[in-house]
Amino acid sequence: MTTKSITLDVWQSNDVRVKVNQGEIDSRFLQIKITDKNKAFDLADKTVIFYATKPDGNLIFNYCEIIDTQKGVVNLAMTSQMSIVPGIIRDCEINIIDSEVTKPKSADQPIEKLEKEKSSIEKLKVKGLSIEIVRCTDFDAAVESTSEFTALDEALADVQAVMDAYSEENIMKKIMSMDGEGSGLDADVLDGKHGKDYATAEQGKKADTALQGITGNGVEIPISADKIVDITPQDIGAVPTTRRINNKPLSSDITITPEIIGAAPVNHGNHIPAPQPASANVFLRNDNSWRPITPQDIGAATDEQGQKADNAIQGLRVNGVNLPPNTNQILDVETADLGAVPVTRKINNQTLDKDINITVTDLGAATKKQGEKADSALQGIKVNGETVPASSDGVVEITISDTSNAVLGIKGNGSMIPKDKNNVVNITPHIIGAVPVTRTINGYSLADDVTISMSDFGGATAEQGAKADSAIQGIRGNGSIISPDGNKIVSVTPAAIGAATSEQGSKADSAIQGVKVDGILLSPDNQNVVNVDTSVIDCATSEQGSKADSAIQGVKLNGTTITPDSQKVVNVQINETTVNTYTATIGTEWTTAETGEYSQTIEVSGILTTDNPIVDVVLDSEKELALSQLEAWGCVSKIETTNGCIAVTCFEDMPDVAIPIQLKVVR
């Protein structure tokens, strides 16, 4: 009666709403132009189907008539079932299918003309259309709303037509009509072979039910060239019988005992010590005997060490000043601290490590006898009352001209001083036993009076000498002289004097004064050692603890923990496979994610995260409901398992029909 033209694009977002009155029957038509980016979509060799959900949840699945393949125009009739329920028909889809089956005109149509034109089916969905059914008060409510599957009914009719065309009777008629000599067709021979050369129907049934493959833990086990499947324990997630547990093969039942894994036996720790009155001075030994606690047991000093510490030198004072120890509590006493002179000090190049005797020769001075000679030596020579000057080397040269009465000879120290060839007597200090004025003592010339002090030859002062006499000549520790080092320094350490260090003293202050186990003080032995062993505190040894840390804490088979028996023995059975079947129902309540997919979680008691179930829909016995369940099942994209639950996800469409399913799990 009336037609409305609309346009839907396969790429762009469409938003087209059409109003139809309730109860109208085949009176309105939508002429839909399908475009591809605003260009006509070619519908050649295409099939167009309209799919939608009515307001009451029933489905519409109808063919669209292609009006113009080149311009992409189709015609959609508004049927009575489409307008029967008021409201908005949502989820409208135009499905364009690139596949077509040639329908036989009659039973006489040749077989070779019936073929599928394309091996693959391509489907394109166009959305964005919504149809509003406007309520009418005079509508006949007696008409029942149902799902409409015009396209499906037509497809089933086409299939039935094909089945009718190629029924056994018709096929035999065609074969028999062509059978005979010269026809090239022998009804008893197929591909040149007689029927006996082929498998029987019974053999075919066996082949249909034969195993087509074997999987282990969801992974297909390969078949060899001779069609043999070699299943190993690894293929099915089992443990081979050659596997060992604590060096015991699994070829037979094994029992793991504490002794095998190096653990303490169950009766370990049942030893009972002898009764002992409560005491802070005893402790319990490994052999359950009591022993006194010694200072060594608690890291404390012995009584002897304590007495030594009490009598040890607590400090050193020199000239009234306390000498502080260094950070290591070592007192380094130096000569400067004592106000003493080091033995390396020298006097006239002689060290003070022994007694020394300084002579005039050490000072470069004249002897006493030489001094006396110098006192009585000629202080000058006069001739005729005039002093004859001495030369620079202290020689007085007297000539004849100096006096009319010549000197016949000159003596020095009682000896005649000889004349030279010129009759000149050369008098030198040496000749007359005198000291030349050029002689020096400690750098002082004898031309003047000389006074030598201690500072001139580096000697100690009288005060320093007195200090040296009263200085400590040695240090004893516990009666033994402590030897000085190469620098004559005596290093006094706590060890040298048999004393505890300050660190040891601190440790002694903070040391454990006693050991208790379960409230009972353990007695040390005669060495003041408290021996705490595993039997005293009822625990495993460190070796047993290490073994316990590395021991097998549990056994799993295919991801499932096997519970041990009362003897803590795990019985692993690998020759049994269990098949569990679970049922569930995928409901119509869905959660929409931000990314657009729909999901829901369903509780399935007994299912595990490690399971890889085989899932299938359980269809209702009523045809229409079964078809809706089958279509809704097609919307499910994936099902994942967790412990006690399954998670169902739909990437595109959200089913609005409850879907019963079963899950088969092989473990």
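Any residue at all in the range 212-228 that is of a type in the set (S, T, Y), at pLDDT below 70, over 38 Å from the mean Cα position of the chain (by Cα) and not in a helix (DSSP H, G or I)?
The answer is no, given that none of the residues of the range 212-228 is of a type in the set (S, T, Y), at pLDDT below 70, over 38 Å from the mean Cα position of the chain (by Cα) and not in a helix (DSSP H, G or I).
Here is a yes/no grid of residues against (1) among the hydroxyl-bearing types (S, T, Y); (2) farther than 30 Å from Q350 by Cβ; (3) assigned to a loop (DSSP other than H, G, I, E, B):
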| site | (1), (2), (3) |
| --- | --- |
| A466 | no, no, no |
| K488 | no, no, yes |
| I497 | no, yes, yes |
| S506 | yes, yes, no |
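Of all the residues that make up the range 415-452, how many are at pLDDT 70 or above and either exposed (fewer than 11 other Cβ atoms within 10 Å of the Cβ) or over 18 Å from S392 (Cβ atoms) (or both)?
17
So how many residues does the range 52-67 have that are assigned to a strand (DSSP E or B) and without any contact (Cβ under 8 Å) to a residue 60 or more places away in the chain?
Residues in the range 52-67 being assigned to a strand (DSSP E or B) and without any contact (Cβ under 8 Å) to a residue 60 or more places away in the chain: 3 in total.
Quickly run through the range 597-612 and pick out the residues that are open to solvent by 30 Å² or more (accessible area, probe 1.4 Å) and in a loop (DSSP other than H, G, I, E, B).
The answer is E597, S605, G606, L608, T609, T610, N612.
What is the residue count in the range 288-322 for residues that are at pLDDT below 70 and among the acidic types (D, E)?
1
Sort through K71, K33 and tell me the only one that's of a type in the set (K, R), surrounded by fewer than 18 Cβ atoms within 10 Å (Cβ to Cβ) and assigned to a strand (DSSP E or B).
After applying the criteria, what remains is K33.
Within the range 269-287, does at least one residue satisfy the condition of being modelled with pLDDT under 75, in a loop (DSSP other than H, G, I, E, B) and in contact with a Pro (Cβ under 8 Å, 6 or more places away or on another chain)?
Within the range 269-287, one or more residues are modelled with pLDDT under 75, in a loop (DSSP other than H, G, I, E, B) and in contact with a Pro (Cβ under 8 Å, 6 or more places away or on another chain).
Across the range 1-21, which residue is modelled with the lowest pLDDT among those that are assigned to a loop (DSSP other than H, G, I, E, B) and open to solvent by 60 Å² or more (accessible area, probe 1.4 Å)?
Out of the qualifying residues, it is M1.
All but one of (1) closer than 21 Å to T2 by Cβ; (2) modelled with pLDDT under 90 hold for P110, so report the exception by its number.
(1)
Would you point out which residue out of I562, I602 is β-branched (V, I, T) and over 30 Å from D656 (Cα atoms)?
I562
Limited to the range 565-582, what total is found for residues that are modelled with pLDDT of 80 or more, open to solvent by 60 Å² or more (accessible area, probe 1.4 Å) and not acidic (D, E)?
Residues meeting the conditions: 3.
Suppose we filter the range 632-651 for residues that are open to solvent by 60 Å² or more (accessible area, probe 1.4 Å) and either closer than 22 Å to I607 by Cβ or in contact (Cβ under 8 Å) with a residue 12 or more places away in the chain (or both); how many remain?
Residues flagged as open to solvent by 60 Å² or more (accessible area, probe 1.4 Å) and either closer than 22 Å to I607 by Cβ or in contact (Cβ under 8 Å) with a residue 12 or more places away in the chain (or both) within the range 632-651 amount to 5.
The values are calculated or read from the model by the stated rules, or taken from the named source; none is laboratory data. All values reported here derive from a predicted model rather than from experimental measurement. Every residue, glycine as well, gets a Cβ built from its backbone with ideal geometry; the counts of neighbours run over all protein chains shown. These accessible areas exclude ligands, DNA and RNA; they are computed on the full protein's heavy atoms, side chains included. Shrake-Rupley method; radii C 1.70, N 1.55, O 1.52, S 1.80 Å.
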